[in-house]
Amino acid sequence: MHPERKVLVAGNWKMHHTHLEAIRLVQTLGFALERMDLRHVEVSAHPPFTSIRSVQTVVDGDDLPISLGAQTCHFEDLGAFTGEVSPVMLAKLGVRYVITGHSERRAMCGETDEIVQAKLKAVYRNHMVPVLCVGESGAERARGLTEERLSEQLGSALAVLNAEQIASLVVAYEPIWAIGTGENASLKDAEEAASFIRSVVAGNAGAAAAGSVRVLYGGSATDENAAELLGGDDVDGLLVGGASLDPDRFARIVERAVEAVKERGSASS
Ligand code: PGA
């Protein structure tokens, strides 16, 4: 992490928690967060669509330090798209971050790089910020294709965004082999990928954009490995799946991020 980039700890709940469970989770999480110094750490929660309204009510009502997130959205603002949710609707609810191009959606819902491009534009058009997921499969890593895969996914995304949009973008490096497997990337692997992502951004949009884009790591991040994963220069936060489902556990991850920021501050002063 870098002192000028605000750390982001994002909880991707995937298809977990009814709206009632979501309310309980966010109340407990909010209580834990209120005791922390969150000046340099931002926390976001990405519930399923059915829970966003409930979570928003608790967050607004109790003034909790949690940014509202979504897990995807449609690329059109409105129309005959049965079952889909529009970015306009999310923006109206106060959603700030929208996960875009998660590998589960790429694999299970046929989300191609072209669809991801359209979604990125839709998210920005509605004044929200995408959390763009990129990452290689285990087979690609074994064949030494990690950087190629990251360049393809990222290059395609950056091609449809302007420099200002790119500067505010959040990219999550999510190696597919690490998602939900309990096998997280090492600090070295995560930092190498994050630094590579920054170099691709620099090549497309210049050094200033590369310096301000936030790069998260995601894939079996937990309260036990968070401190290590946040110990380098280029990883600016975590996208947490399984370990975000328990509010106490997720709060411990946020606590590790707060400590990492403090350590970084004392090391640089
Ligand atoms: P995980 O999921 O933390 O359960 O591995 C991360 C993600 O898919 O965003």
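The values are calculated or read from the model by the stated rules, or taken from the named source; none is laboratory data. Please read all numbers here as calculations on a predicted model, not as lab measurements. Ideal geometry is used to build each Cβ from the backbone, glycine not excepted, and the neighbour counts take in all protein chains shown. The area values use the complete protein model at the heavy-atom level, side chains included, leaving out ligands, DNA and RNA. Shrake-Rupley method; radii C 1.70, N 1.55, O 1.52, S 1.80 Å.
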State the number of residues belonging to the range 82-110 that are away from the ligand (no atom under 16 Å from the Cβ) and on the phi > 0 side of the Ramachandran plot.
3
Taking the stated definitions as given, is ALA205 touching a residue at least 24 places away in the same chain (Cβ under 8 Å), more than 16 Å from the ligand (Cβ to nearest atom) and farther than 28 Å from ARG143 by Cβ?
yes
Only one residue in VAL200, VAL258 is within 17 Å of SER44 (Cα to Cα) and open to solvent by less than 30 Å² (accessible area, probe 1.4 Å), so which one is that?
VAL258
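Let's see how each residue does on (1) closer than 14 Å to GLN71 by Cα; (2) hydroxyl-bearing (Ser, Thr, Tyr); (3) away from the ligand (no atom under 16 Å from the Cβ); (4) touching a helix residue (DSSP H, G or I) at 6+ places or on another chain (Cβ under 8 Å):
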| site | (1), (2), (3), (4) |
| --- | --- |
| ARG125 | no, no, yes, yes |
| GLU136 | no, no, no, yes |
| ALA142 | no, no, yes, no |
| LEU145 | no, no, yes, no |
| GLU164 | no, no, yes, no |
| PRO175 | no, no, no, yes |
| LYS188 | no, no, yes, no |
| SER195 | no, yes, yes, no |
Restricting to the range 226-242, and then to whatever is farther than 25 Å from PRO47 by Cα and acidic (Asp, Glu), can you tell me which residue is nearest to the ligand (Cβ to nearest atom)?
GLU228
Just checking, which of THR222, THR181 is buried (at least 18 other Cβ atoms within 10 Å of the Cβ), within 15 Å of the ligand (Cβ to nearest atom) and of a type in the set (Val, Ile, Thr)?
THR222
Pairs only if they're at least six apart or on different chains, beta carbon under 6 angstrom, first in the range 103-115 and modelled with pLDDT of 95 or more, second of a type in the set (Asp, Glu) and more than 12 Å from the ligand (Cβ to nearest atom); list them, first residue then second.
ARG105/GLU111
Listed by first then second residue, the pairs whose first member lies in the range 177-190 and is at positive phi, whose partner is within 8 Å of the ligand (Cβ to nearest atom) and open to solvent by 50 Å² or more (accessible area, probe 1.4 Å), with beta carbons under 7 Å and at least 6 positions apart or on separate chains, are GLY180/GLY242
From the options SER137, SER195, SER186, residue that is surrounded by fewer than 21 Cβ atoms within 10 Å (Cβ to Cβ), more than 22 Å from GLY241 (Cα to Cα), among the hydroxyl-bearing types (Ser, Thr, Tyr) and modelled with pLDDT of 95 or more
SER195
Candidates ALA70, ALA80, ALA118, ALA122 - the one that is among the small types (Gly, Ala, Ser), out of contact with any Gly (no Cβ under 7 Å at 6 or more places or on another chain) and under 18 Å from VAL134 (Cβ atoms)
ALA118
Taking the condition of being among the aliphatic types (A, V, I, L, M), open to solvent by less than 40 Å² (accessible area, probe 1.4 Å) and over 18 Å from ALA260 (Cα atoms), how many residues in the range 1-31 meet it?
4
What number of residues within the range 14-64 satisfy the criterion of being aliphatic (A, V, I, L, M) and not in a helix (DSSP H, G or I)?
7
State yes or no: is VAL59 surrounded by fewer than 18 Cβ atoms within 10 Å (Cβ to Cβ), at negative phi and within 21 Å of the chain's Cα centre (by Cα)?
no
Return yes when ARG39 is open to solvent by 70 Å² or more (accessible area, probe 1.4 Å), under 26 Å from GLU259 (Cα atoms), at pLDDT below 95 and more than 13 Å from the chain's Cα centre (by Cα) and no when it is not.
no
Inside the range 146-168, can you point out the residues that are open to solvent by 50 Å² or more (accessible area, probe 1.4 Å), within 25 Å of GLU4 (Cα to Cα) and not polar (S, T, N, Q)?
ALA163, GLU164
